Amino acid sequence: IELIQGDTLEKDHLRRTLNKIKPDIIVHMAALPLAFMAIEHSEDAFQSILGSTVNFLEILRDFETPFRLVYTSSSMVYGNFQSAFVTEESPTDPKEIYGSFKLCGEIACRGYMKCYDMDIAIVRPSAVYGPYDANQRVIQKFISKALNGDTLKVDGDGSMKLDFTYVDDCAQAIFLAATHPAARGETFNVTRGEARSLKNVIDIIQKEIPEVQVEYGPVPSYMPKRGTLNVDKAKKLLGYSPEYDLERGVALYIKHLREHPI
């Protein structure tokens, strides 16, 4: 593995790097990573999400060697779920800045695909958790606080549901989107495919770490109402097969954070 550090907004450096490597596959994950950060730093979010995506597209449109670009979008593009589950054909109506810019990136990718016959696949992860996450997502925060004996602070009454996805399942889906011929030009939900509540997460943590204290508070206004993302399309076209339910994934994550405290 060769690690090359750089900034996807530095277009000349990005161009030189890609022309030197001539990659077969590019998985584009560069972005300001969390919704609340995008709201607080909207211009940075615009540049990191949309600016970097357009840089990739502009450079790659001139490539003579074949390649596959995977654009990592987000389940936040759906906004408030209009039903218990959403498919890739469900309406997209983001409620906040992060999802809005991710959807803009999808639209840009589709435009470049149609105009320049580029090989691009789009993936929509949801609530990914697991070892080495450094972005303070909800399950990481809950487990870290529980291990430290701190009170877990919950948005709402614990009934909020998310399609929590263990990182290994997400990685499997992205790998398939990057390598499977049927992924070209397609968009995929890449999640567990099963919404679970924050209360479910807390119950699992309490079984592993007894005497956890919980404090409930208001739900942030930017948070959309969410649920299950249907993953039948990824299963059918790509052979995607998620392996980690919430019980197994959280137990593994607790073990990891005990051995590698943050």
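The values are calculated or read from the model by the stated rules, or taken from the named source; none is laboratory data. All of these numbers come straight from a predicted model, not from anything done at the bench. Methodologically, a virtual Cβ is constructed for each residue, glycine included, from the backbone with ideal geometry; neighbour enumeration extends over all protein chains shown. Note: accessible area is taken over every heavy atom of the protein model, side chains too, but ligands, DNA and RNA are not part of it. Shrake-Rupley method; radii C 1.70, N 1.55, O 1.52, S 1.80 Å.
Taking a virtual spin label 7 Å from the Cα of ALA182 along the C-beta vector, which residues in the stretch 237-254 bring their backbone nitrogen under 20 Å of it? Answer for this model: 237-243. For the chain, the extents of the C-alpha atoms along the principal axes are 60, 38, 36 Å, listed from largest to smallest.
Solvent-accessible area per residue in the stretch 6-155 equals 49 Å², computed with a 1.4 angstrom probe and all protein chains kept. Taking every full run of DSSP H in the chain, the ones that stretch at least 27 Å from end to end by Cα along their long axis and average -1.0 or higher on the Kyte-Doolittle scale are 97-116. Largest accessible area first, the residues SER90, SER159 order themselves as SER159, SER90 under a 1.4 Å probe with ligands, DNA and RNA left out. Quick one: go through the stretch 25-65 and flag any residue whose amide nitrogen is under 16 Å from the point 7 Å out along the Cα-to-Cβ line of LYS11. Answer for the stretch 25-65: 47-63.
Using bins of 10 Å that start at zero, the share of Cα-Cα pairs per bin across the stretch 109-169 amounts to 17, 34, 23, 15, 9, 1, in whole %.
With R₀ fixed at 45 Å, the C-beta to C-beta distance from ASP203 to ASN19 puts the FRET efficiency at about 0.30. Given a 1.4 Å probe and the protein chains as shown, CYS104 ends up with an accessible area of around 60 Å².
Modelled spin-label separation between LEU252 and GLU58, with each label point placed 7 Å from Cα along the Cα-to-Cβ direction: 4.0 nm. For the stretch 160-220, the carbon plus sulfur part of the accessible surface works out to 51%, probe radius 1.4 Å.
Taking the DSSP beta bridges with both ends in the chain, the antiparallel portion is around 15 percent.
Of the residues TYR71, TYR222, TYR244, ranked by 1.4 Å probe accessible area with the largest first, the sequence reads TYR222, TYR244, TYR71. With a sphere of radius 12 Å drawn around the Cβ of VAL86, what net charge do the other residues whose Cβ falls strictly inside it have (Lys, Arg +1; Asp, Glu -1)? Counting the neighbours of VAL86, the net charge comes to -1.
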